[in-house]
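> Here it is: the structure, laid out below.
The values are calculated or read from the model by the stated rules, or taken from the named source; none is laboratory data. Only a predicted model underlies this, so the values are computations on that prediction, with no experimental measurement involved. Every residue, glycine among them, receives a Cβ derived from its backbone with ideal geometry; neighbour counts consider all protein chains shown.
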Amino acid sequence: MRVALIGADGQLGSDLLKVLKGFNLFPLYYPEFDVTDKEKMKQRLESLKPDTIINTSAFNDVDASEERIKEAFEVNAFALRDLSYISLELGTALMHFSSDYVFDGLKKSPYHESDKPNPVNVYGVSKLAGEYFLQNILEKYYIIRTSGLYGEAGCKGKGYNFVDLMVKKAGKNEDVKIVDDQYMTPTWSFELAERIRDLLDKGKYGLYHMSSEGECTWFQFAGKIFSLLGKRPHVAPVETKSYGARAQRPLYSVLENRALKGIGIRDFSHWEEALKKYMKEKKYI
Ligand SMILES: NC(=O)c1ccc[n+]([C@@H]2O[C@H](COP(=O)([O-])OP(=O)(O)OC[C@H]3O[C@@H](n4cnc5c(N)ncnc54)[C@H](OP(=O)(O)O)[C@@H]3O)[C@@H](O)[C@H]2O)c1
């Protein structure tokens, strides 16, 4: 299978590059390949003739999106309209990544694919708009919603990943304030990449939730990182209200991988297990 991989040096992109070795893979890098430049993007994809395009690109700074609305929509939404039409013309399948932030967090039990999205911030609205373009234009699409990604490359859009940041803070014995009322599921991008490979092998199009098993708050996530490190920095739990982030966030955005289990793809690890494996691989423990 010929696969064009957009954002191949991003956090998820670089793990996909490792995991999809058996495929005929064409990695594409920003800024040479820019999803906001429709004509150049079309020419390049026409020349590659992929069977599947995987788009990991995103404007994923949730707080910055509140002010840089146009940029967020250009990358997370309008580019997906262009990519969808290009895919339609080429007869190519399109895989795109979305977010747990398409939900408002009021449900308080894990969200599955048939739950109604209702984003509470610009980032979430832009990601949902991207999903709608794929669904409206294409039949051969995969939309993957994931949550709390961390991986070896670190999130390029945010400049760090949460685990590496906490390890750094623990090393400096800094005071840390972390929100303790937002529930989500941290997910290792390498495990996600492995399930993507399985899904490509199955070729079953559709909307999928893909995150680790279990749930925690960001404070609990940090606590687990510190306990694996055997360190006890000064960590204070704070409420979202008093944390002062620019963007509103859902207080509960745990995803249930219902559709994925329905097609027999193996479960993700519990988030604590995946975290331990990641920290061992990074030689933090
Ligand atoms: N990180 C999370 O916690 C999280 C949670 C839920 C969902 N997701 C979704 O999962 C996907 C992968 O996230 P990630 O953490 O791997 O992100 P990432 O590390 O920021 O990677 C994004 C990649 O896209 C590239 N890119 C940015 N603007 C581009 C453009 N205009 N044209 C082409 N490429 C561009 C980036 O290149 P440069 O770095 O050179 O700009 C980078 O290689 C995204 O769709 C994201 O919304 C992430």
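> For segment 54-78, enumerate the residues that are in contact with a Phe, Trp or Tyr (Cβ under 8 Å, 6 or more places away or on another chain), of a type in the set (A, V, I, L, M) and either within 11 Å of the ligand (Cβ to nearest atom) or modelled with pLDDT under 95 (or both).
Result: Ala58, Val62, Ala72, Val75.
> Would you confirm whether any residue within segment 144-151 is under 22 Å from Trp188 (Cα atoms), within 16 Å of the ligand (Cβ to nearest atom), at pLDDT below 95 and of a type in the set (S, T, N, Q)?
no
> Looking at segment 248-264, is at least one residue aromatic (Phe, Trp, Tyr) and outside any loop (DSSP other than H, G, I, E, B)?
The answer is yes; a qualifying residue exists.
Residue-wise test of (1) farther than 28 Å from Leu94 by Cβ; (2) out of contact with any Gly (no Cβ under 7 Å at 6 or more places or on another chain); (3) not in a strand (DSSP E or B).
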{"site": "Leu134", "(1), (2), (3)": "no, yes, yes"}
{"site": "Asp164", "(1), (2), (3)": "yes, no, yes"}
{"site": "Leu199", "(1), (2), (3)": "no, yes, yes"}
{"site": "Ile225", "(1), (2), (3)": "yes, yes, yes"}
{"site": "Lys231", "(1), (2), (3)": "yes, yes, yes"}
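> Still on this structure, I have one more. Which residues, counting only those in segment 170-187, are under 21 Å from Ser99 (Cα atoms) and in a loop (DSSP other than H, G, I, E, B)?
Matches in segment 170-187: Asp180, Asp181, Gln182, Thr185, Pro186.
> I've got another one for you. Give Tyr243, Tyr278 a once-over and let me know the one that is surrounded by fewer than 18 Cβ atoms within 10 Å (Cβ to Cβ), of a type in the set (Ser, Thr, Tyr) and touching a residue at least 60 places away in the same chain (Cβ under 8 Å).
Going through Tyr243, Tyr278 in turn, just one is surrounded by fewer than 18 Cβ atoms within 10 Å (Cβ to Cβ), of a type in the set (Ser, Thr, Tyr) and touching a residue at least 60 places away in the same chain (Cβ under 8 Å): Tyr243.
> Could you run through segment 233-247 and say how many residues are within 28 Å of Val122 (Cβ to Cβ) and assigned to a loop (DSSP other than H, G, I, E, B)?
So the count comes out to 5.
> Looking at segment 79-101, is at least one residue near the ligand (Cβ under 10 Å from one of its atoms), of a type in the set (Gly, Ala, Ser), assigned to a helix (DSSP H, G or I) and crowded, with 23+ Cβ neighbours inside 10 Å?
yes
> Filter segment 155-213 for residues that are in contact (Cβ under 8 Å) with a residue 40 or more places away in the chain and acidic (Asp, Glu) and give the result.
Asp164, Glu174, Asp175, Asp180, Asp181, Glu191, Glu194, Asp198, Glu213
> Please state which of the following conditions Leu275 fails to meet, knowing it meets all the rest: (1) over 30 Å from Val3 (Cβ atoms); (2) assigned to a helix (DSSP H, G or I).
Of everything listed in (1) over 30 Å from Val3 (Cβ atoms); (2) assigned to a helix (DSSP H, G or I), Leu275 misses just condition (1).
> Let me spell it out: the conditions are (1) surrounded by fewer than 23 Cβ atoms within 10 Å (Cβ to Cβ); (2) near the ligand (Cβ under 10 Å from one of its atoms); (3) not aromatic (Phe, Trp, Tyr), and Leu28 meets all of them except one. Which number is the exception?
The one condition Leu28 does not meet is (1).
> Something else: Looking only at segment 94-136, count how many residues are out of contact with any helix residue (DSSP H, G or I) (no Cβ under 7 Å at 6 or more places or on another chain) and among the small types (Gly, Ala, Ser).
Residues meeting the conditions: 3.
> Do any residues in segment 216-228 that are of a type in the set (Gly, Ala, Ser) have Cβ atoms under 6 Å from those of residues that are part of a helix (DSSP H, G or I) and buried (at least 18 other Cβ atoms within 10 Å of the Cβ), where the two are at least six apart or on different chains, and which pairs are they?
That search, which allows pairs on different chains as well, returns Ala222/Met166.
> Specify the residue that is farthest from the ligand (Cβ to nearest atom); the eligible residues are those in segment 1-21 that are farther than 22 Å from Gly91 by Cβ, without any contact (Cβ under 8 Å) to a residue 60 or more places away in the chain and surrounded by fewer than 20 Cβ atoms within 10 Å (Cβ to Cβ).
Once the filter is applied, the top-ranked residue is Lys21.
> Still on this model: Kindly establish whether Met184 is closer than 30 Å to Pro50 by Cβ and within 11 Å of the ligand (Cβ to nearest atom).
For Met184, the condition - closer than 30 Å to Pro50 by Cβ and within 11 Å of the ligand (Cβ to nearest atom) - is not met.
> Hey, Pro233 hits all of (1) surrounded by 16 or more Cβ atoms within 10 Å (Cβ to Cβ); (2) within 16 Å of the ligand (Cβ to nearest atom) but one; which does it fall short on?
Only one criterion in (1) surrounded by 16 or more Cβ atoms within 10 Å (Cβ to Cβ); (2) within 16 Å of the ligand (Cβ to nearest atom) is unmet by Pro233, namely (2).
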